[in-house]
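First the structure, in the form of structure tokens, and then the observations on it.
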Amino acid sequence: MISLTSPVETRAHGWPAGAKLAALCLASTGLFLTDSLGLHLTALALVLVLYAAPGRVFFTAGMRHLRVVLPFVALLAIWHLITAELHAGVLIVLRMVVLVALANLVTMTTRLSEMTDLVHRLTAPLRRLGLPVHLLETAIPLVIRFIPVLVARAETLAEAWRARSRRRPGWRLIFPLMLHALDEADHVGEALRARGGPLGHTRPE
Amino acid sequence: MSDTASDDIRLDDLGYEIAGRPVLSGLTLATSARSIGVVGRNGSGKSTLARLMAGLLQPTSGTIRIHGHDLFRDRRAALETVGILFQNPEHQIIFPRVDEEIAFGLRQLGQSKTEAAEGARAVLAGFDKLHWQDATIAALSQGQKHLVCMMAVLAMRPRLMILDEPYAGLDIPTRRQLQRYLNRADTRLFHISHDPADLADCAQVFWLDQGRIVAQGAPCPVLADFTAEMNRLGELDDLADLAG
């Protein structure tokens, strides 16, 4: 779910990030306050309309991003079938799908730089307390930059394992992956230093 | 840009040790050549030299002066004086998007957010790559990532560009294209490579072996000797030797 981007420029790209996040916050709170199946279904329909509004390309991309919640939907459905709480199960699944879909929608239509700007503004009070919040401005893009790198690294490790073993690698790759992450951290540290350290810092002496 | 000061790069008895083992020792050189090549085998200390020159490592002994500055101590001068291009772009790219990566260095030079964004656009336009602006790094090819690194470093207008095996693993067309971009850039080059072919156009070449300079001079004789020696070693089995 990291680095969700939209294939097309939508009207929502122009809306302020703060407003979109506030709306997401309101919608989440609202859904948790109600147990009405009808309201949840209405919310789902509304979200689908929002996804469909920018056109077919956006809709298919959005639905593809949503596929990651399917395993959780299946898990919750099975659990509630076992415990025979059908109504509660449907409610929870609907709520989860709607909220993840809405959150994805905000991410897809908001540039990363706007999001970090917002964080910058929201953390202003903490900054006045002397906390090093400027580090967030570099840390957030770093996470988004390196998740795909680590995922790719995990895949090549698994591949190297499978090339010489019939067993599945599983947890045994965690340690080499951690070492790789530390190594990567060293490199990025060097790259940061080569160009002057994290953002928002006062210039080097 | 003209360099009036002579001997802008000065290493004086430079040494660097890792855990007590010397990686570089007794390096002394002074040069004002516009393009400098360093050739050497894997493990000869080339990458360490590149990092020392960029001020990323502190010498264990001796001194380095680039355009008169000690770049390890004076990071501000370092940002205005040198840029370093690492061998692996994955080790260099910090941001998930092309324009952010390029704008980063400009902000480090003290530009405001809008100035830096404007500057990044100008650099991309200068390379005819304005359409890369919103591209995510993960979607780029290896050669394209190299070019992003190059644009990000050149955006800071370094007077000296340090290249640490920038072409390793790239195909011939990609190499040639990157080389063309570099030659066009108005900056001095300090190019480190194990491949003599990369350094044929340099004004001056140094041959580094086991942490020492063993030959220096015009590229023609030095690189010819280097190639002959490498071919001779290729017949032997020094892979068998363990360090230490």
Item checked: Only Lys, Arg (+1) and Asp, Glu (-1) charged, at Cβ; the range A:130-194 dipole about Cα centre in debye -> 600 debye
Next item on the list: Could you give log10 I(q)/I(0) at q = 0.17, 0.26 Å⁻¹ for the range B:1-90, computed by the Debye formula over C-alpha point scatterers of equal weight, without solvent?
Entry: -0.75, -1.57
Note to self: Just want the answer: with Cβ charges of +1 for Lys and Arg and -1 for Asp and Glu, which residue in B:Trp207, B:Phe226, B:Gly68 is farthest toward the dipole's positive end in chain B?
What the structure shows: B:Gly68
Note to self: I need the shape label for chain B. Rule: rounded when a/c is under 1.5, else prolate if a/b > b/c, else oblate, with a, b, c from the alpha carbon gyration tensor.
What the structure shows: prolate
Note to self: Tell me the angle of helix B:98-108 to the major Cα principal axis of chain B, expressed in degrees between 0 and 90 and rounded to the nearest ten.
What the structure shows: 80 degrees
Notebook entry, point to check: Magnitude of the Cβ-charge dipole of chain B, K/R +1 and D/E -1, about the Cα centre, nearest 20 debye?
Noted result: 660 debye
Notebook entry, point to check: Roughly how compact is the range B:99-172, stated as its Cα Rg over 2.2 N^0.38 Å to two decimals?
Noted result: 1.11
Margin query: With both bridge residues required to lie in the protein assembly as shown, what share of the DSSP beta bridges run antiparallel, to the nearest 5%?
Written below: 50 percent
Note to self: Can you give me the orientation-averaged projected area of the convex hull built on the Cα atoms of the range A:11-122, in nm²?
What the structure shows: 7.7 nm²
Next item on the list: Compute the separation of the alpha-carbon centres of the range B:216-238 and the range A:119-151 and state it in Å as a whole number.
Entry: 49 Å
Next item on the list: Rounded to the nearest Å, what's the spacing between the alpha carbon centres of the range A:78-100 and the range B:55-74? Just the number, please.
Entry: 63 Å
Check: Which of the trypsin sites (Lys or Arg not before Pro) found in the range B:40-85 are loop residues per DSSP with 12 or fewer other Cβ atoms within 10 Å of their Cβ?
Finding: B:Arg73
Note to self: Helix B:113-126 against the longest principal axis of chain B: what's the angle in degrees, Cα atoms only, rounded to the nearest 10?
What the structure shows: 70 degrees
Next item on the list: Divide, for the range A:100-153, the radius of gyration over alpha carbons by 2.2 N^0.38 Å, where N is the residue count.
Entry: 1.35
Next item on the list: Would you mind ranking B:His69, B:His146, A:His13 by Cβ crowding within 10 Å, fewest neighbours first?
Entry: A:His13, B:His69, B:His146
Margin query: From the convex hull of the Cα coordinates of the range B:156-243, what is the mean projected area in square nanometres?
Written below: 7.3 nm²
Next item on the list: Enter the angle in degrees (range 0 to 90, nearest 10) between the Cα long axis of helix B:219-234 and the first principal axis of the Cα atoms of chain B, meaning the one along which they spread out most.
Entry: 70 degrees
Check: Over the range A:142-186, with a single point scatterer placed on each C-alpha, what log10 of the ratio I(q)/I(0) does the Debye formula yield at q = 0.15, 0.19, 0.29 1/Å?
Finding: -0.39, -0.59, -1.07
Notebook entry, point to check: Which of the aspartates and glutamates could a cross-linker bridge to B:Lys145, judged by Cα under 17 Å and excluding same-chain residues fewer than eight apart?
Noted result: A:Glu184, B:Glu90, B:Asp99, B:Glu100, B:Glu101, B:Asp128, B:Asp134, B:Asp164, B:Glu165, B:Asp171
Check: Radius of gyration and Dmax for chain A's Cα atoms, expressed in Å?
Finding: 21.2, 66
Item checked: Cα-based shape type of the protein assembly as shown, given that a ≥ b ≥ c are square roots of the gyration tensor eigenvalues and the cut on a/c is 1.5 -> prolate
Margin query: Only counting other Cβ atoms within 10 Å, I'd like A:Ser113, A:Ser36 sorted with the fewest neighbours first.
Written below: A:Ser36, A:Ser113
Next item on the list: Work out the charge dipole of the range A:11-122 with +1 on the Cβ of Lys and Arg and -1 on the Cβ of Asp and Glu about the Cα centre, then indicate which of A:Leu112, A:Leu48, A:Leu26 is farthest towards its positive end.
Entry: A:Leu112
Next item on the list: Quick one: dipole size for the protein assembly as shown, taken about the Cα centre, charges +1 on Lys/Arg Cβ and -1 on Asp/Glu Cβ, in debye to the nearest 20.
Entry: 1400 debye
Check: Mind checking the mean number of beta-carbon atoms from other chains within 10 Å of the Cβ atoms in A:148-154?
Finding: 2
Item checked: Among A:Leu102, A:Leu182, A:Gly170 - extreme Cα towards positive end, dipole of chain A, charges at beta-carbon -> A:Gly170
Note to self: Report the Cα centroid-to-centroid distance between the range B:6-50 and the range B:99-125 in angstrom, as an integer.
What the structure shows: 32 Å
Note to self: List the residue ranges in chain A for DSSP H helices whose C-alpha atoms run 27 angstrom or more along the long axis and whose Kyte-Doolittle average is -1.0 or above.
What the structure shows: A:86-108, A:134-163, A:174-194
Note to self: Test of understanding: ordering B:Val148, A:Val151, A:Val69 by Cβ neighbours within 10 Å, fewest first, what list do you get?
What the structure shows: A:Val151, A:Val69, B:Val148
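Every number in this text was worked out from the coordinates using simple rules, so none of it is lab data. Predicted model, so just to flag it, every value in this text is computed and none were measured. With ideal geometry, Cβ positions are generated from the backbone for all residues, glycine too; neighbour counts draw on all protein chains shown.
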